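The values are calculated or read from the model by the stated rules, or taken from the named source; none is laboratory data. Since the structure is predicted, the reported quantities are computational estimates derived from the model, not experimental observations. Positions of Cβ are generated from backbone atoms using ideal geometry, with glycine treated the same way; all protein chains shown enter the neighbour counts. When the accessible area is computed, the model is the full protein with side chains, heavy atoms only, and any ligands, DNA or RNA have been set aside. Shrake-Rupley method; radii C 1.70, N 1.55, O 1.52, S 1.80 Å.
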Amino acid sequence: MRFRRTIDRMARPAALLAVLFGLLVSAALPAAGQDAPGGGAPTPAAASGAGGDQGADAVPPSDRVEDDTSSEARKLWRPTAALNVGLPEVAEPPDRATPRSALAAFMDSAAAGDYLRAARVLDLADVPEDQQSSRGSTLARQLHYLLDRKVSIDWHAIPDRRDGGRGDRSGQAEVAPEPRRYIDVAELTLNGRPVGILLERVKPRGQEPLWLFPPTVVEQTPRLYDEQGPSLLQRRLPDLLTQNTVLEVPVWEWMGLVLFAGGCILLGWLVRLVLGVVWRRSDARWTAGLTGQVSTPLIGLVGLVAFKLLIGALLNLTGPILRWIDTATLVAIVLAATWLAIRLVSHAADVVGAPFLGRSESEEDPEARRRLTQISVGKRLMIFIVLVAGIGMGLSFFEESATVGLSFLFSAGAASVILGIAAQSVLSNILAGMQIAITEPVRIGDNVVFEGEWGWVEEITYTYVTIRTWDKRRLVVPHSYFLDHPVENWSKSAPQMIMPVFLHADYHVPVQKVRDKLAELLEAHKDWDHAQAPSLYVTALTPHTVELRALVSARDPLTAWYLHAEVREELLAYLQGLDGGRYLPRRRVQAVDDDGDASADVADRAAGEEGA
């Protein structure tokens, strides 16, 4: 009321200008409104936005009609001969000049227990006059319960003008606000169908128009109250529990929440216990370890579902705080179901991949590594989809979050920014991971050499590949970087591998003897797979040595590496013992005398010293 009086004082200096401006506009524009079905009256319009209310103007220009019952007047109000004649007079009648003042008077009067005064904001035209006093109080109490406990009123959306129009909040509107006959206050459900709670402008004969709850709302109030009003349990509780409140919530509802929460947790634990016993007795492979995987989310989901059903059937939660608890329970159910689905996906992937896990270590079974890679990437992709869907469903229960999120997400500029950033980081790596799973450049368990590091592919996640090096280090490589750089896959097609052995020897080395020794060593070595015949060739010459290259083969890369290292050691030992090691690399020096002639003695002595 203080806000309204302040606005009224601010509006008085401009009253004359407002009237003149409104007359000009009303002459230039046709009367606004839509005819209601079956009587030439406008249908209720949805209230949208706060709209810059300018206070209760004295007499809106649109109200200046000569005939209260004309078709032009019916667009502004519903004429009536008398109004609530069966209600007794009250000391201070409620202010019903504007939609906001009428709604505020109704809520304040009912909250104070003055239901007769609140009933004067109801249009009791369909209630017999001799019952208006008794039924009016009951109807006011029931409607106040519904508005106070079951909905959240957006007061900014309720106009504070006599004609119900919404002005420009900035005060720079070039035309007068469009008058309205109906104002939406809230929406409830009755038998699964939406029911609007409206305020209607009514003009008794010889009086100024008033804003009231129309007969349609009054008629539906008892049915709405029966469906959404206090539960049977609440009606049988003593007043000590129902009348006393904590944080504007009755004490009995807090007690019921605590008791139901404890009982639902116990119920979830019992369900988990029973299923655990059944699964442990089962011989099915898929039940092994299932209890440990799903026990916690299963307890939470069963308990939350039971809690939601109980509070809906017995508590019938009221008040803003408990409405938030109800919404939070729905969100928690979705998150628990998401958690359970993720655990089930992980368990299913583990069960399906278990037969391939042991075989992936064998280089002779590339099919096992391929299957294990597909299962690993598929599991993470399914978990990602389930997680995104769960979070989206959880946020959809919050109207503000859904509205803000969708408006931001579907705006062209914001969508471009989001996609532009994500395409360079997260999404690019996720798509690259899908490409790795489909094209299979590497698989889990493959032997690879990446940027000079030799190791095994240990894990392929959403966004990176983990390589376990030979010295137990881990290389974590983003998918996009991994695909943009060459990688040696020693296990891509076949596990067999050929490794070279390089030796440097003196120019006098007997190559054929070394070649025969290589064949002898390979024949005696258990790791040689006979796929590559023993071969040794001179592959390069340097000013002082020759380069010998031997080729050895084995059944897999790791065995081939060990084989080539052992053969290199054995060939080195052979050269060291062959003719006293004279075929090992050496540097020759030739001495000359002062005339430039070679001195045999000096040369022989220098060669002997070098050999020693």
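Where residues in the range 488-510 are touching a Phe, Trp or Tyr at 6+ places or on another chain (Cβ under 8 Å) and open to solvent by 40 Å² or more (accessible area, probe 1.4 Å), which of them is farthest from Thr373 (Cα to Cα)?
Among them, the one singled out is His508.
Evaluate the following for Ala110: is it in contact with a strand residue (DSSP E or B) (Cβ under 6 Å, 6 or more places away or on another chain), assigned to a helix (DSSP H, G or I) and under 20 Å from Val185 (Cα atoms)? So Ala110 does not fit the description; no. Among the residues of this structure, Pro179 counts as one that is in a loop (DSSP other than H, G, I, E, B) and either modelled with pLDDT of 85 or more or out of contact with any strand residue (DSSP E or B) (no Cβ under 7 Å at 6 or more places or on another chain) (or both). Per the conditions (1) over 15 Å from Val487 (Cα atoms); (2) open to solvent by less than 50 Å² (accessible area, probe 1.4 Å); (3) out of contact with any Ser or Thr (no Cβ under 8 Å at 6 or more places or on another chain), the sole criterion not satisfied by Ser428 is (3).
For Ala540, indicate whether it is at pLDDT below 90 and outside the structural domain of Asn489 (by the TED database). No; evaluated as a whole, the condition is false for this residue.
Scanning the range 183-224 for residues that are hydroxyl-bearing (Ser, Thr, Tyr) and either in contact with a Cys (Cβ under 8 Å, 6 or more places away or on another chain) or modelled with pLDDT of 90 or more (or both), which turns out farthest from Ser70 (Cα to Cα)? Before you say what the answer is, go through the steps one by one.
Quick first cut of the range 183-224, residues hydroxyl-bearing (Ser, Thr, Tyr) only: 189, 216, 221.
Okay, now just the ones that are also either in contact with a Cys (Cβ under 8 Å, 6 or more places away or on another chain) or modelled with pLDDT of 90 or more (or both), so 216, 221.
On the way: Thr216: 23, Thr221: 31 Å.
Selected residue: Thr221.
Out of Ala337, Ala328, Ala368, I need the residue that is at pLDDT below 75 and either assigned to a helix (DSSP H, G or I) or open to solvent by less than 50 Å² (accessible area, probe 1.4 Å) (or both). Which one? Give the derivation first.
On the way: Ala337 fails: at pLDDT below 75; Ala328 fails: at pLDDT below 75.
One residue alone meets the criteria, Ala368.
Here is a check on your reading of the model: is Val151 modelled with pLDDT under 90, among the hydrophobic types (A, V, I, L, M, F, W, C), open to solvent by 70 Å² or more (accessible area, probe 1.4 Å) and part of a loop (DSSP other than H, G, I, E, B)? So Val151 does not fit the description; no. Applying a threshold of 7 Å to beta carbon distances and a minimum spacing of six or more residues, or different chains, the list of pairs starting in the range 432-449 at a residue that is over 20 Å from Pro495 (Cβ atoms) and not assigned by the TED database to the domain that holds Val477 and ending at one that is outside any loop (DSSP other than H, G, I, E, B) and open to solvent by less than 20 Å² (accessible area, probe 1.4 Å) is empty. So which residues in the range 450-468 are under 14 Å from Val487 (Cα atoms) and touching a Phe, Trp or Tyr at 6+ places or on another chain (Cβ under 7 Å)? Trp454, Gly455, Val465, Ile467, listed by residue number.
Considering only the range 84-94, state which residues are touching a residue at least 40 places away in the same chain (Cβ under 8 Å) and either outside any loop (DSSP other than H, G, I, E, B) or surrounded by fewer than 18 Cβ atoms within 10 Å (Cβ to Cβ) (or both). Val85, Gly86, Pro88, listed by residue number. Per this entry, Pro99 is not counted among residues that are touching a helix residue (DSSP H, G or I) at 6+ places or on another chain (Cβ under 6 Å), in contact (Cβ under 8 Å) with a residue 24 or more places away in the chain and of a type outside the set (Phe, Trp, Tyr).
Select, from Thr439, Thr469, the only residue that is surrounded by 14 or more Cβ atoms within 10 Å (Cβ to Cβ) and either within 13 Å of Ser376 (Cβ to Cβ) or not basic (Lys, Arg) (or both). Result: Thr469 is the single residue among Thr439, Thr469 that is surrounded by 14 or more Cβ atoms within 10 Å (Cβ to Cβ) and either within 13 Å of Ser376 (Cβ to Cβ) or not basic (Lys, Arg) (or both).
Okay, residues lined up against (1) open to solvent by less than 20 Å² (accessible area, probe 1.4 Å); (2) within 16 Å of Pro500 (Cβ to Cβ); (3) assigned to a helix (DSSP H, G or I):
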{"site": "Leu518", "(1), (2), (3)": "yes, yes, yes"}
{"site": "Leu521", "(1), (2), (3)": "no, yes, yes"}
{"site": "Lys526", "(1), (2), (3)": "no, no, no"}
{"site": "Ala531", "(1), (2), (3)": "no, yes, no"}
{"site": "Val538", "(1), (2), (3)": "no, yes, no"}
{"site": "Pro543", "(1), (2), (3)": "no, no, no"}
{"site": "Trp561", "(1), (2), (3)": "no, yes, yes"}
{"site": "His564", "(1), (2), (3)": "yes, yes, yes"}
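In the range 325-336, the residues that are of a type outside the set (A, V, I, L, M, F, W, C) reach residues that are in a helix (DSSP H, G or I) and open to solvent by 30 Å² or more (accessible area, probe 1.4 Å) with C-beta atoms within less than 9 angstrom, at least six apart or across chains, in these pairs: Asp326/Lys308; Asp326/Gly312; Thr329/Leu304; Thr329/Lys308.
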